[in-house]
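Below: the structure, in structure tokens.
The values are calculated or read from the model by the stated rules, or taken from the named source; none is laboratory data. Keep in mind it's a predicted model, so treat the numbers as computed, not measured. Here Cβ is always computed from backbone atoms with ideal geometry, including for glycine, and neighbour counts include all displayed protein chains.
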Amino acid sequence: MKEQKHNNHTQGQEGSRALDHLLDACRFQPVDNTRIKSLVHEKIRKEKLARKRRLRNICVASLSAAACIALVWFAGAGGFTAPSPDLSEASVSELAHAGYNEVIVPAGQRREITLPDGSHLIANAHSRVLYPEQFKGDERHIFVFGEVFLEVAKDRRHPFVVESKGFDVRVLGTTFNIRNSSDSTASVVLVEGSVEIDTENDRSVRLRPNDMAELLNGDVTSLTRIDPDDYTSWTKGLLHLTGMPLSELTRNLGDYYGIEIRCHSSLADTRVYGKLDLHKDIDTVIESIREIVPMKITRSGNVITLKP
């Protein structure tokens, strides 16, 4: 009996010690407010970076205040090509769930859109635009591939942001033209007002009216003076030609009309001047070019060939 009582006493002591140990382990430790704040700020920073990366993967460009914008696919010496944006179907689906509308403009057409804030947009052939049903938050974001002319409604408290490819353009009340393409070349032309280009390399460049900035891989490579009318005439169905190489012109027209135009190498560098009416069919437009550049034209189905 005494042995049993001793065992019970021993077990009770062990249980008491175990309970004390458990309670010690459960006691609250002093709160490190500094570390908590640090962790919270780090989480916020990572979320902001992740959001920025998602936006860049969807496309590229930022703006604010009253503006007219034209975004154009630019293939350097080869005119603009059919867009092949980095926007994945998953990203499009994500934007759709977020309340974004998608507009895709086929070859040979233009589309006019009134955005939720009253801004007016004209999208050219082979362009793709995503915009929200309602603008929310501190900024007004849309996503653009191809060529777009945009008149932005004034709202200084909510800057207008166009996301495109490789760089951001912040509008400070302006009219301008942007070109970008899948080959990482781009240009920004300022008609009036002021724009600030923010590149992926964390460089900022502010333009004056009649300035054109050219970019490669998201970085500004040159800044020149130009005539802005040459870059916005398409909104009126015209194409201004001020010495454009024939090879570049045929690529532009081929993309716009959705056909293939083959230019003989001996004609490729021929400079073309004048205006073309894009309201007319491609055969009429090509005949207009032949009045400027002597050449032979043959057509087989959806392929036009130009030879000396």
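Assigned by TED's automatic domain parsing to the domain that holds residue 213, under 22 Å from residue 225 (Cα atoms) and crowded, with 18+ Cβ neighbours inside 10 Å: is that true of residue 195 in this structure? Here the answer is yes, as residue 195 does meet what is asked. Note on region 94-143: residues that are surrounded by 13 or more Cβ atoms within 10 Å (Cβ to Cβ), polar (S, T, N, Q) and part of a loop (DSSP other than H, G, I, E, B) total 3. The residues of region 212-262 that are charged (D, E, K, R) and either buried (at least 20 other Cβ atoms within 10 Å of the Cβ) or closer than 26 Å to residue 106 by Cα (or both), listed by number, are 229, 230, 236, 248, 251, 255, 260, 262.
Please state which one of 222, 247 is free of Cβ contacts under 8 Å to residues at least 24 places away in the same chain, of a type outside the set (Phe, Trp, Tyr) and out of contact with any His (no Cβ under 8 Å at 6 or more places or on another chain). First the steps, then the outcome.
Values: 247 fails: free of Cβ contacts under 8 Å to residues at least 24 places away in the same chain.
222 is the lone residue from the list that is free of Cβ contacts under 8 Å to residues at least 24 places away in the same chain, of a type outside the set (Phe, Trp, Tyr) and out of contact with any His (no Cβ under 8 Å at 6 or more places or on another chain).
Within region 200-211, does at least one residue satisfy the condition of being buried (at least 20 other Cβ atoms within 10 Å of the Cβ) and touching a residue at least 40 places away in the same chain (Cβ under 8 Å)? No, every residue in region 200-211 fails to be buried (at least 20 other Cβ atoms within 10 Å of the Cβ) and touching a residue at least 40 places away in the same chain (Cβ under 8 Å).
Checking the conditions here, which among 226, 297, 261 is closer than 30 Å to residue 164 by Cβ, of a type outside the set (Asp, Glu) and at pLDDT 95 or above? Steps first, answer last, please.
On the way: 226 fails: at pLDDT 95 or above; 297 fails: closer than 30 Å to residue 164 by Cβ.
None of the others qualify; the one that does is 261.
Scan region 118-129 and tell me whether some residue there is assigned by TED's automatic domain parsing to the domain that holds residue 185, under 18 Å from the mean Cα position of the chain (by Cα) and at positive phi.
yes
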